[in-house]
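In what follows, a structure is listed as structure tokens, so that the remarks can point back to it.
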């Protein structure tokens, strides 16, 4: 039995990560580490009584499932076993399949205020996280971060001892107050002296527990002098790098660099003009109104402010902004405190530094919700640009947002879509006499290109691409499947869609190699498109292709890099060569926890390298 068949039989209610454990002899000893890991990460389903062996499932079942269920419920309430009940009685079930009983546990993902969830009474030895489809014991610094993030008081609202008004940059505070007046001309705070103004803003307060009164961490980060900043963050740095037009690669020359060691308010107004100066319409402010702003300006402003207010300033790492022709990258220490789905939709916000957010919001540089990502996504989608890429790296404890000013549909894409639209409809598709197939809609075109470039799509990814409701996306995907353009794998909530064999055959006959030659929307980019060149002739024999892939993947390579080397379309290459090599354990994922990641690369296993 495969995983998809088992999931359909069990009809689990939510699409969460799965873990199978043999339990014929009783509760497995590894159960509680997985419970902790799921709770501290994204939640998940535990299926007891199922063995997984090289992708195939053996349902052995459990003995006396009712007793095992009750034992789990009882142990969940035992604080010597686990610090928090993350699976209530209603979340433990018994399912029968193939004549055997399986015990199912649905583990909820806990909020930041409830972390860490740990076992056996010690957070430093009993807290786990889920990573690379396995349970990993948390390092001390990871546990410390969880404890720090669980506090009722936000990090930026803590009162700092021994600081005076001399530790703030008075000119910075004066510029902030002037801008505050521009956007809030009738506000009573304009009449306050500085300390009272900062108190209203959250920059000065009295600690209710200690009785100490003083400037908050947010005030020093936003308005502090360099000396005060280094006293609370010894390695404070906001690093802005501007790459010269035409440069490429990590070693390429940086045309401009700002290594900013000052406060956040001045950082924004020092970096933002340099960040946006290459856009077609320059940024300028007159009075209380922003003038001559394109949507791209707005998106970059949101991205920069988001980075500044969501960074974890207790960490030593620098905040990094890289600007190059057609691409902008923002990276900060501290991963997102909400899930990727919540980040995309904006349904839930949990800002790490709510006082800093408030300070930026009062001068119209941040939105009310605390995350501008849905707005950035909307701007990129309406402009027909490639969707922003986010990497929420829990292992490195950093968050990266990449924005590319490249059209989602290139001229090559449009030619390929025109060929797809002219393909014959499969015989099994119900076509009424006289019925004429409608041209592909824009949303259908975008979905097919996403499947072509990223190997697969599902309902959630198409929702993000198009902004359509889930039900409308289901109808869209079903329509493309019925036309023979997509093939469905799995079912229900786990369904993913890939290009059909009919479409892949077109790739094999007329390979289309996507390169980065699409011209970015950037006024300084006046270069001619790079010609597609290949140092070697196309490799035609199957065995030679496999060997060439393994040789090329001595170091990690992306599907796009391999496709350029082999001179075959990346989607066809993945379907026909790379996936089988991974299944045969000759290639390995560099990120096995996220096999569908757009940042995925492949590397040859040492024993399979060719000489």
Given (1) touching a helix residue (DSSP H, G or I) at 6+ places or on another chain (Cβ under 8 Å); (2) free of Cβ contacts under 8 Å to residues at least 24 places away in the same chain, index of the condition residue 396 fails: (1)
Some residue of segment 274-297 being assigned to a helix (DSSP H, G or I), in the same structural domain as residue 312 (by TED's automatic domain parsing), closer than 17 Å to residue 330 by Cβ and at pLDDT 95 or above: no
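Out of the residues in segment 118-161 meeting the condition of being assigned to a strand (DSSP E or B) and out of contact with any strand residue (DSSP E or B) (no Cβ under 7 Å at 6 or more places or on another chain), tell me which one is nearest to residue 311 (Cα to Cα).
This residue is 131.
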Residue ranges of helices (runs of 4 or more DSSP H) in segment 1-117 with at least 2 members at pLDDT 90 or above and surrounded by 14 or more Cβ atoms within 10 Å (Cβ to Cβ): 31-40, 65-76
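In the list 377, 343, 304, 300, which residue meets the criterion of being on the phi < 0 side of the Ramachandran plot and at pLDDT below 85?
343
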Test result for residue 213, surrounded by fewer than 18 Cβ atoms within 10 Å (Cβ to Cβ), in contact with a strand residue (DSSP E or B) (Cβ under 6 Å, 6 or more places away or on another chain) and either modelled with pLDDT under 95 or outside the structural domain of residue 600 (by TED's automatic domain parsing) (or both): yes
Leading residue by the ranking (surrounded by the fewest Cβ atoms within 10 Å (Cβ to Cβ)) among those in segment 320-359 that are farther than 27 Å from residue 461 by Cα and in contact with a helix residue (DSSP H, G or I) (Cβ under 6 Å, 6 or more places away or on another chain): 355
Helices (runs of 4 or more DSSP H) enclosed by segment 335-412 - at least 2 residues per element that are in contact with a strand residue (DSSP E or B) (Cβ under 9 Å, 6 or more places away or on another chain): 340-345, 373-382
Per-region count, segment 438-449, residues within 17 Å of residue 378 (Cα to Cα) and touching a helix residue (DSSP H, G or I) at 6+ places or on another chain (Cβ under 7 Å): 3
Number of the exception - residue 197 against (1) touching a residue at least 12 places away in the same chain (Cβ under 8 Å); (2) closer than 20 Å to residue 353 by Cα; (3) in contact with a strand residue (DSSP E or B) (Cβ under 8 Å, 6 or more places away or on another chain); (4) not assigned by TED's automatic domain parsing to the domain that holds residue 359: (3)
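Just one of 519, 576, 601, 514 is at pLDDT below 50, surrounded by 15 or more Cβ atoms within 10 Å (Cβ to Cβ) and closer than 21 Å to residue 457 by Cβ; which is it?
From the options 519, 576, 601, 514, the qualifying one is 514.
The values are calculated or read from the model by the stated rules, or taken from the named source; none is laboratory data. If you're wondering where the values come from, they're calculated on a predicted model, not measured in any experiment. Neighbour counts run over all protein chains shown; Cβ positions are idealised from the backbone, glycine included.
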